[in-house]
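S.K.: Sharing a structure below in structure tokens format, with a few things to ask.
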Amino acid sequence: MPVTQSSAVTTCKILVGGDWIDSAATEFSEVFNPSTGEVIAKVPMGKGDDVDKAVQAAQAAFLEWKEVPVVERARVMFRFKNLLESNYEEIARCVTREHGKTLPEARASVQRGIEVVEFACGIPSLFMGESMENIARNVDCETVRHPLGVCVGITPFNFPAMVPLWMYPVALTCGNSFILKPSEKVPLASLLIAELLIKAGIPKGVFNVVHGGKDCVDALLTHPLVKAVSFVGSTPIAKYIYETGTKHGKRVQSAGGAKNHIIIMPDADMEQTVQALQASAFGCAGERCMAGSLALPVGDAADQLVPLLVESASKMKVGRTDIGDGADMGPVITAQHLKHVRTMIDKGEKEGANIALDGRVTKVADGPNGYFIGPTVIDKATADMSVVREEIFGPVLSVVRCQNIQDAIDIGQNCEFGNGAVIFTNSGAAAREFKRHFNAGMIGINVGVPAPMAWFPFTGWNHSFFGDLHIQGREGIQFYTQQKMTMTRWFSTQSGKFQDPIWKARNK
Ligand code: NAD
């Protein structure tokens, strides 16, 4: 059992060597239902002793697992996929309860995670190396992929099921063992899914789970047996993980925060744009690293866009997501985060922007202690304001009105982040200009949230990513493997007589 149940509050266990055991931690963090503010679980804030146990178990299991034929490793993933499908609704409800997303949003995120498992099921083809015979007389050459060893995943709160699933299905099928450290704010979905992986037949110790914060992460980053670290979270921590992990000799892929720009050209289909912009900015209460958080309407686009958007977003029903299906938007994750989002809106107001739609006034009658804030539109912001430069990670859309497309591209050029950027237009020329020159790694053309699917990499730029090989897709396979090249010569009399005369003359 991944939890100890006493009254309504469960205490999370760690998974080490195939057994759910109590952490050695003496401190615990609380997990809330963000719709009500009630504590639903306690998470141990584990340290080096938990980590060392998990790493030793993972290392022992790796030595066996790497010898399992790749097709057999894939079979575990096929069974895992089936179990995820048959437990789909329970996982989505768990995500909603601990994170606060609406149920349709939670379901969609679980689906995205399952797609990574489907990608990993194709590992026999993806794992193949390259070969060429006769690269010189009687000499053949090949590369094959080898797993790295113990790999680690450290994940954020905003996608409790999906982000961990970006990592370990690929790492495991490549032949590595894995230790997951889920966000201490949302550990429950990870535990539920770990149970399914055990049922799917993952051998003991190949997959492990530990809990905690900085102490636990530091122990993982510095443990000599850990070979690779995948991280997703905020930019300051992503940078810290990259620097500390690489300093200790680990391979690191570290995805950080974002500010995603949405350019709206005057020729865009305004009704479609408003719907897509609303979904992008306020879906998942804005707690998405690909949320469109900065609108850049060009020319007179703003005069059409802003009133339509404000009218439409003001009709969104903000409410509890843990009961019924009625809400369009749920709460943010914690009371502390709610305070941060409100403070950012206050700042925007103080710096002189116009609060065209104010979510600070939103009240939810049956969730008086929930962490609710309504959709907010901050119009007439300027490029120097905090609401334009900083990540807010809440349902807040800032609007900077631009004279022309170059102004919009320039704002992107000066941005610290570089995850996603989108243009809404009917002009191929404007779309091409934007696609070629905008300073971000994931581009949408008339697509509100251009988050790539499992077989493409998640290509953040600038301070939205630290490392070389991104998460997902073939880059994921490259990240979790190292290549071995073998050159072979077998002496033969059949090697032919022809020699290129120019080469022969040069090499006399
Ligand atoms: P966070 O950085 O606070 O936490 C992420 C993980 O780091 C957690 O597991 C946490 O326990 C750990 N952590 C926190 N503080 C630490 C410290 N001082 N030292 C070591 N580890 C520490 O992020 P969050 O608030 O959970 O998630 C939201 C952030 O994640 C946003 O900035 C969002 O943009 C980003 N995000 C990025 C992507 C992407 O693909 N680029 C995807 C999802 C979320």
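The values are calculated or read from the model by the stated rules, or taken from the named source; none is laboratory data. The model shown is predicted, which means the values in this text are computed figures rather than measured ones. FYI the Cβ positions are ideal-geometry reconstructions off the backbone, even for glycines, and counts take in every protein chain you see. Just the protein is used for accessible areas: all its heavy atoms, side chains included, with ligands, DNA and RNA removed. Shrake-Rupley method; radii C 1.70, N 1.55, O 1.52, S 1.80 Å.
S.K.: So how tilted is helix 235-247 from the main axis of the chain? Cα-based, degrees 0 to 90, rounded to 10.
M.R.: In the chain, helix 235-247 runs at an angle near 20 degrees to the longest axis.
S.K.: Sticking with this structure for a sec: Please tell me the relative contact order of the chain in percent, rounded to the nearest whole number, where contacts are Cα pairs under 8 Å and at least six residues apart.
M.R.: So the answer I get is 18 percent.
S.K.: Specify, per residue and in Å³, the volume enclosed by the convex hull of the alpha carbon atoms belonging to the chain.
M.R.: So the per-residue hull volume is 179 Å³.
S.K.: Take the solvent-accessible surface of the protein heavy atoms, probe 1.4 Å, and return the percent of it on the range 280-339 that carbon and sulfur atoms account for.
M.R.: In the range 280-339, the share of accessible area belonging to carbon and sulfur is 52 percent.
S.K.: Going down the list 239/317; 47/204; 101/259; 199/317; 247/484; 315/347, which pairs span over 30 Å between their C-alpha atoms?
M.R.: 239/317; 199/317
S.K.: Now, a different point. Got the relative contact order for the range 4-82 handy, in percent, Cα pairs under 8 Å and 6 or more residues apart? Display every interim value, and only then the final one.
M.R.: On the way: 81 pairs, mean separation 19.8, N = 79.
Relative contact order for the range 4-82 comes out at 25 percent.
S.K.: Follow-up question, since we're still on this one. Residue by residue through the range 290-297, which ³J(HN,Hα) values in whole Hz follow from phi under the Karplus form 6.51 cos²θ - 1.76 cosθ + 1.60 (θ = phi - 60°), with glycine and proline marked x?
M.R.: So the J values, rounded to whole Hz, are 10, 5, x, 10, 9, 8, 10, x.
S.K.: Next question, about the same structure. Provide the per-residue ³J(HN,Hα) series for the range 133-142, in order, calculated from phi with Karplus coefficients 6.51, -1.76, 1.60 and θ = phi - 60°, each as a whole number of Hz, with x at glycine and proline positions.
M.R.: 9, 6, 5, 8, 4, 6, 10, 10, 9, 8
S.K.: Turning to a different aspect of this structure: For residue 444, list long-range residues whose amide hydrogen, built 1.01 Å from N in the peptide plane, is under 5 Å from its own amide hydrogen.
M.R.: 421, 422, 423
S.K.: Suppose every K and R has +1 on its Cβ and every D and E has -1 on its Cβ; what is the size of the dipole of the range 18-142 about the Cα centre, in Debye to the nearest 20?
M.R.: Working: 14 positive and 22 negative charges, 68 e Å.
In total the dipole reaches around 320 debye.
S.K.: What are the aspartates and glutamates whose alpha-carbon lies under 15 Å from the alpha-carbon of residue 227, with same-chain residues fewer than 8 places away excluded?
M.R.: Straight-distance partners of residue 227: 52, 218, 243.
S.K.: Ordered by residue, what ³J(HN,Hα) values in Hz, to whole numbers, does the range 270-280 give under the Karplus form 6.51 cos²θ - 1.76 cosθ + 1.60, where θ = phi - 60° and Gly and Pro are x?
M.R.: Along the range 270-280, the couplings run 5, 5, 4, 5, 4, 4, 5, 5, 4, 5, 5 Hz.
S.K.: Going by average Cβ density within 10 Å per residue, which order do the peptides 501-508, 154-161 take, highest to lowest?
M.R.: Top to bottom by mean Cβ count within 10 Å: 154-161, 501-508.
S.K.: Can you give the helix-only mean residue ellipticity at 222 nm for the chain, where every DSSP H stretch with n ≥ 4 adds -39500 (n - 2.57) and the sum goes over all residues, rounded to the nearest 500 deg cm²/dmol?
M.R.: -12000 deg cm²/dmol
S.K.: Still on this structure, I have one more. Enumerate the amide H contacts of residue 40 below 5 Å, restricted to partners 5 or more residues apart or on another chain; note that Pro and chain-start residues carry no placed amide H.
M.R.: Answer set, sorted by chain and number: 31, 32, 33.
S.K.: Right, something else. Would you mind checking which residues have amide H under 5 Å from residue 161's amide H? H placed 1.01 Å from N; only 5 or more apart, or other chain.
M.R.: none
S.K.: Next up: Which one of 480, 434, 375 is farthest out on the positive end of the charge dipole of the chain, using unit charges on Cβ (Lys, Arg +1; Asp, Glu -1) and the Cα centre as origin?
M.R.: 480
S.K.: Accessible area per residue, 1.4 Å probe, Å², for the range 464-508: what's the number?
M.R.: 80 Å²
S.K.: Just how large is the dipole of the chain about the Cα centre, in debye to the nearest 20, putting +1 at every Lys and Arg Cβ and -1 at every Asp and Glu Cβ?
M.R.: Roughly 1600 debye for the chain.
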